[in-house]
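As structure tokens, the structure follows; a few thoughts come after it.
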Amino acid sequence: MAVTTTPVDDGAIDGFGEGLHGELLRPGDPNYDETRAIWNGMIDRRPALIARAMGVSDVIAAVNFAREQDMVLAIRGAGHNIAGNAVCDDGLMLDLSAMRSVQVDPEEKTARVEPGATLGDFDHEAQAFGLATPLGINSTTGVAGLTLGGGFGWLTRRYGMTVDNLRSVDIVTADGELRHASDDENPDLFWGVRGGGGNFGVVTSFEFDLHEVGPEVLTGMVVYHGADAPDVLRHVRDFNETAPDESTVWMVLRKAPPLPFLPEDVHGEDVLVVVPFYAGDMAAGEDVLAPIREYGDPIADVVGPHQYAEFQQAFDPLLEEGARNYWKSHNFSTVSDDAIDTVVEYARDLPSPLS
């Protein structure tokens, strides 16, 4: 299909904009640069048009317009997109960030979530009823992009990936039709949405299963000197192999940030941050996580009861908007000693305090 940079007919643009409940932005308009910007500062693209949707009718109109005008269509949810697919050069960017409602049914333990909602929006509503689903580690992350990419978080060992907890979607497909997809209705489309590769449509509503979590969980950080990393990493690896599903222990190698519980002479030095998390009975969690907290000679241990929704925001200051981000992930069936040694070697040469 031939793809043009902008529609030839300015009248078509005007008609499209007039039919939107939201607004249509062009280069030079107020809020254009603010709207095209996403969380990853490395992405700098300039759409010909930005449609700011207020509801499903705007999504349908944008999909139809892009199809009729042979325009590239990029979908921006909450704007956290790492790879940059949320923004395109010269085409139409569909901005869903204003569609951010979260509706929780505490009896059925389900949530209906619009595509512009963030993890913070979701947790705020779900935790009012002591409910949650596996959803990342950063409250400004968008629910839509996280889910459609698979998604994992502190609850994944116990409840699976984010997409495993997806019950159904409402989705506008390329023909401009709104369809419902679940295991029972349009199951092939639902299969595609849950990992079939992308470009099946624009999801306008997600339905999730919820689980009883919190409001308090046992979590925090145990921080070690970088020189201790090879030994501690091996210990945590061995612990994780037999730990119960309620337990999650993550590890981060970085330069020590200026956190208030770290001595000033450690700031900027190589550290290993071990983050234990237990989603279950607090007393049981103390026993389960004891081998992590009692190991070695940590610089600091700030593990204790935390509000789940607050802990979901704990790493926000270390993941600020506008940084130039590049991430790469790998999955390992086992974490070998050689892999640990390689990670430690590369961590010694981190290029910035944010790396």
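Just so you know, all these numbers are worked out from the coordinates, no wet-lab data involved. The shown structure was predicted, so the numbers you read here are calculated from the model rather than taken from an experiment. Note that we place each Cβ from the backbone using ideal geometry, even for glycine, and neighbour counts take in every protein chain shown.
Segment 200-323 gives an Rg/Rh value of 1.03, both radii derived from C-alpha positions and Rh following Kirkwood. Of the residues Ile75, Ile340, Ile137, the one that moves most in a GNM of the chain with alpha-carbon contacts below 10 Å is Ile340.
Structure remark: mean-square fluctuation, Gaussian network model of the chain, C-alpha springs under 10 Å; the largest value among Thr219, Thr334, Thr141 belongs to Thr334. The mean sequence distance of close C-alpha pairs (under 8 Å, at least 6 residues apart), as a share of the length of segment 208-355, puts its relative contact order at 37 percent. Calculated FRET efficiency, Arg45 and Glu212, Cβ-Cβ r, R0 45 Å, to nearest 0.05? Using R0 = 45 Å, I get an efficiency of 0.60. Taking 7 Å steps out from each Cα toward its Cβ at Glu241 and Ala290 produces label points 2.2 nm apart. Report summary: the helix-based calculation at 222 nm, which adds -39500 (n - 2.57) for every DSSP H run with n ≥ 4 and divides by the residues of the chain, gives -7000 deg cm²/dmol. The base-10 log of I(q)/I(0) for segment 102-212, evaluated at q = 0.24 Å⁻¹, reads -1.42 [Debye formula, identical scatterers on Cα atoms, solvent excluded]. Using a cutoff of 8 angstrom between alpha carbon atoms and counting only pairs six or more residues apart, the relative contact order for segment 10-95 works out to 33 percent. Multiplying the residue separation of Trp250 and Asn199 by 0.36 nm and removing their Cα-Cα distance gives an extension gain of 15.1 nm. Relative to a virtual label point 7 Å from the Cα of Ser57 in the Cα→beta-carbon direction, which members of segment 179-210 show backbone nitrogen distances below 18 Å? In segment 179-210, the label zone of Ser57 (backbone N under 18 Å from the point 7 Å along Cα→Cβ) covers 179, 204-205. Three semi-axes describe the equivalent ellipsoid of the chain; taken as square roots of 5 times the Cα gyration tensor eigenvalues and ordered largest first, they are 40, 24, 17 Å. Please find, in a Gaussian network model of the chain (springs between Cα atoms separated by less than 10 Å), the residue of Ser336, Ser139, Ser101 whose mean-square fluctuation is greatest. Result for the chain, Cα springs under 10 Å: Ser336 fluctuates most. Model label sites at Val72 and Asp281, defined 7 Å from Cα along the beta-carbon direction, differ in position by 5.6 nm.
Find the relative contact order for the chain and round it to a whole percent, using C-alpha pairs within less than 8 Å whose residues are 6+ positions apart.
Relative contact order for the chain comes out at 16 percent.
Over segment 10-95, the fraction of Cα-Cα pairs per 10 Å bin, rounded to whole percents and listed from the shortest bin up, is 19, 56, 23, 2.
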